[in-house]
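Notes for the one structure printed next.
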Amino acid sequence: MIRIEHLTKTFGDHQDQVHALSDVNLVIEKGDIFGIIGLSGAGKSTLVRCINRLEEPTSGEVYIEDVAMTRLNESELREKRKEIGMIFQHFNLLMNSTVEENIAFPLKLSKYPKDKIQKRVDELLEVVGLTEKRKSYPATLSGGQKQRVGIARALANDPKIILSDEATSALDPITTEAILQLLKEINRQYGITVVVITHEMDVIKKICNKVAVMENGAPVEVGSVLDVFSNPQSQTAKNFLEGELFHISEKTRTEGKSASQSASLLKISFRGDITDEPIIANIMKNYQVEVSILGGNIEEIQAVNLGYLVVKIQGDQQELEQVYQYLSSKSLRWEVL
Amino acid sequence: MDFRFDLILPAFGETLYMVFFSTLFSVILGLPIGVLLLITEEKHILPAKTLNSVLSSIVNILRSLPFIILIIILFPLSRIIFGTTIGSTAAIVPLSIAAAPFVARVAESALKEVPWGMIEAAKSMGANNWQIIWRVLLPEAVSALILGLTLTIINILGYSAMAGAIGAGGIGDVAIRYGFQRFQEDMLLATVIILIVMVQLIQSCGNYVANKLDKRKAN
């Protein structure tokens, strides 16, 4: 659906150049909810803006359904953009237009006949649940309602792709949840490919099936959300996950470190059905060790359970080795902290 | 000498006539220039460095000329268009041309207040430049433009009184000929009161309309 090849973007002149993107390669499949996560300045926003050429790439190419975007002329580009809806952090609604006028805006740009516009606007108001507010001005709406207008507007032209540039970053957690569910619903119902830019792992966890972790203008890790969450490779991904899901307090770490030599602090990560197996009980039953649980968490991601436990295991070295072997024989990941 | 109400009334009419048409033409001339000044800026929707600096210089030069001198310079143009350099109709030419650069700057700064995000949103939906101007920039800046228009009308009103000094008729003409040259203080006072009331009215109407059209704040 979207293929990004050797994309680079450089800002500024020769004296002080900023490399916002350096040699980005990504493939986003049809029907994906593809998350792009990174800290501020990682280039994620520039990347998504290069997709519809709100930002002109310095070099490289973006293919949308095999159409090379940078080779389109101005009017071809405008037509292509109508197939790509975009929603924004600050909504960017027309403040002097009502809700329905805002939603009708892209249809007017496409010179739809009046009666068709009316019909489509009614449908879209229904989809985002704002039929009551059709005559209201954006200034009177809540943040969540404004973003719903933004989404309805992005859907108006029946796009194949929706680009979401930090669409929930200005919203409170409850509203964020509702907006994310709406995006997920849209993806499922209409098969629209969604590209989500965010700096929150939580957003990725809730709706994305694939994720690219960006750092210094390039993805450092790309994969299914389940893979990246259960087995992060890059330090950046690990940092994001530490912060969001697998938080291990400093106190726990020091406690573990200060334990006697005959004890070790383990982090065990589970994934899928193995979560149901009584691993800890088995360890305690079969080996001469004492196990104390220091922390843990189970998350459901893409309908798969993903969990971790931090445990302190005490026992003599030989027994500990056997526990390690037992853990390794199971399809789970573990590490000594 | 008597108070000449019969002179004031037609003069008031002439003033209204001059102000109305000069405002109209100055907006027709100035608004497109204001739009161009903005959109030809670097990184705006139609970057054109040379055009931008040429327009900007013309606007600055015209704005730096004192109005009384501009009228004299534009005598020939009035003669070409209306066949005369005397009277309210002839005064419309210099008045429009004097106010147009002012309108351009006022429009430019009003349009500049439209958040860039809105323009980008329109671009992302496939809007062309024309659509961005008509459907985003102008409607979103409408209340600032109305306030700018109010300023323009009041400016032109002031200029029209000045134009009266060199044969344009109107309130300014009465003030000079009767109030100043014949020392009729009651006539002078009458013209001043008319001007004050007009300015107040124009400003209040402008504020009211601008406020009505501004939907950017809640309620």
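The values are calculated or read from the model by the stated rules, or taken from the named source; none is laboratory data. Small disclaimer: the values here were computed from a predicted structure and weren't measured. Note that each Cβ is placed from the backbone with ideal geometry, even for glycine, and that neighbours are counted across all protein chains shown. Just the protein is used for accessible areas: all its heavy atoms, side chains included, with ligands, DNA and RNA removed. Shrake-Rupley method; radii C 1.70, N 1.55, O 1.52, S 1.80 Å.
Scanning region A:184-204 for residues that are of a type in the set (D, E, K, R) and in contact with a strand residue (DSSP E or B) (Cβ under 9 Å, 6 or more places away or on another chain) yields a total of 2.
Contact map, region B:55-82: residues that are under 18 Å from B:ASN155 (Cβ atoms) paired with residues that are β-branched (Val, Ile, Thr), Cβ distance under 8 Å, separation 6+ or inter-chain. Pairs shown: B:VAL59/B:ILE33; B:LEU62/B:ILE97; B:LEU65/B:ILE73; B:ILE68/B:ILE166; B:LEU70/B:ILE97; B:ILE71/B:ILE166; B:LEU74/B:VAL93; B:LEU74/B:ILE97.
Close Cβ contacts (under 9 Å, 6 or more residues apart or on different chains) running from residues in region B:83-102 that are closer than 16 Å to B:ASN60 by Cα and β-branched (Val, Ile, Thr) to residues that are in a helix (DSSP H, G or I) and open to solvent by 20 Å² or more (accessible area, probe 1.4 Å) comprise B:ILE97/B:PHE25; B:ILE97/B:LEU29; B:ILE97/B:LEU62; B:ILE97/B:LEU74; B:ILE97/B:LEU77. Kindly indicate the residue of region B:199-219 that is within 13 Å of chain A (Cβ to nearest Cβ) and part of a helix (DSSP H, G or I) and also nearest to B:LEU16 (Cα to Cα) among those meeting that condition. My answer is B:ALA210. Those strands (runs of 3 or more DSSP E) of region A:1-98 in which at least 2 residues are more than 23 Å from A:LYS206 (Cα to Cα) and among the polar types (S, T, N, Q), considering only elements entirely within it, cover A:2-11, A:18-28. Taking region B:90-139 as the range and being acidic (Asp, Glu) and at the interface with chain A (Cβ under 9 Å from one of its Cβ atoms) as the test, only B:GLU120 passes. Restricting attention to region B:121-130 and to residues that are part of a helix (DSSP H, G or I) and open to solvent by 20 Å² or more (accessible area, probe 1.4 Å), the residue that is nearest to A:LEU155 (Cα to Cα) turns out to be B:LYS123. Of the residues making up region A:3-24, those that are charged (D, E, K, R) and either surrounded by 13 or more Cβ atoms within 10 Å (Cβ to Cβ) or at pLDDT 90 or above (or both) are A:ARG3, A:GLU5, A:LYS9, A:ASP23. Taking the listed residues B:ALA168, B:ALA175, the one that is more than 14 Å from every other protein chain (Cβ to nearest Cβ), open to solvent by less than 40 Å² (accessible area, probe 1.4 Å) and outside any helix (DSSP H, G or I) is B:ALA168, with no other qualifying. In this structure, A:GLU244 does not satisfy being among the charged types (D, E, K, R) and modelled with pLDDT of 90 or more. Summed over region A:121-152, residues that are within 14 Å of chain B (Cβ to nearest Cβ), among the basic types (Lys, Arg) and over 29 Å from the mean Cα position of the chain (by Cα) total 2.
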